[in-house]
Every structure is written in structure tokens, then in C-alpha cells.
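The values are calculated or read from the model by the stated rules, or taken from the named source; none is laboratory data. Since this is a predicted model, take the numbers as computed values, not measurements. A quick note on method: Cβ atoms are made from the backbone with ideal geometry, for glycine too, and the neighbour counts reach across all protein chains shown.
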Amino acid sequence: ADIYRNAILDIPRHLNAKNDKCCFGAEAFRAWARDIENGKFDGMSVEDFDTWTCHTNYICVLATNGSCCYGYLDKAKEQNPDFTFI
């Protein structure tokens, strides 16, 4: 139960983690959008565009976070009945 408790309670820290090379959560989306708006891909050839790094990865993360967390969250609630906020 403790591993689920600690992991769930640590989510906010991970969603706000940030350094010079990496950020998560809403800040990561804003950084990605800023890059696009500031012309990061302007003039880039199709051959130089890394689809996985610059697009597909983000789609996979959204799909995974939006659809695969329910089993984990259900288990966390089962083992930590006081987690009524889930």
C-alpha cells in the first residue's frame, strides 16, 4: 500500500519538475507550443524533422496518461481507502 501511497502523493512534484533541459506537465506543453510559435520548425526540411521526438512522443504520452492510468489508480484506492480524492 505504501508504494502506491507514496507514488500518488508524489505526482504533483513530478508534474512541476523542471530544469534547463526538461520539464513536465502543463509547462512541457507550453514549452512545446512556444517552440512551434517561435519558429523552431520553420525552414526545417521533412528529412530533418524527427517525427518521434517532435510530435509522436507527445501523442503517445497523452494517450498513455489518458487511458492507461485507471487500473493503477483503482489499485491505489483499493489499498489506500482514504484516497477519496481519486
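With 20, 48, 35, 42 as the choices, which residue is of a type in the set (Asp, Glu) and surrounded by 10 or more Cβ atoms within 10 Å (Cβ to Cβ)?
Answer to the selection: 35.
Cβ-Cβ distance below 7 Å, separation of 6 or more or different chains: which pairs start in the stretch 26-55 with a residue that is within 22 Å of residue 14 (Cβ to Cβ) and end on one that is of a type outside the set (Lys, Arg) and surrounded by 12 or more Cβ atoms within 10 Å (Cβ to Cβ)?
Short answer, once both residue conditions are applied: 31/23; 32/58.
Filter the stretch 61-85 down to the residues that are surrounded by fewer than 11 Cβ atoms within 10 Å (Cβ to Cβ) and either farther than 30 Å from residue 9 by Cβ or not polar (S, T, N, Q) (or both) and list them by number.
63, 66, 68, 70, 71, 81, 82, 85
Those residues that are over 20 Å from residue 74 (Cβ atoms), under 15 Å from the mean Cα position of the chain (by Cα) and hydrophobic (A, V, I, L, M, F, W, C), I need them from the stretch 1-45; list them, please.
Residues satisfying the conditions are 15, 17, 22, 23, 24, 26, 28, 29, 31, 32, 33.
Which ranges mark the helices (runs of 4 or more DSSP H) fully within the chain that have 1 or more residues being at pLDDT 90 or above and of a type in the set (Lys, Arg)?
Fully inside the chain and qualifying: 2-15, 25-37, 70-79.
Condition first: over 30 Å from residue 5 (Cβ atoms), among the hydroxyl-bearing types (Ser, Thr, Tyr) and surrounded by 10 or more Cβ atoms within 10 Å (Cβ to Cβ). Now tell me which residues in the stretch 51-60 satisfy that.
If the condition is that a residue be over 30 Å from residue 5 (Cβ atoms), among the hydroxyl-bearing types (Ser, Thr, Tyr) and surrounded by 10 or more Cβ atoms within 10 Å (Cβ to Cβ), then 56 is the only one that fits.
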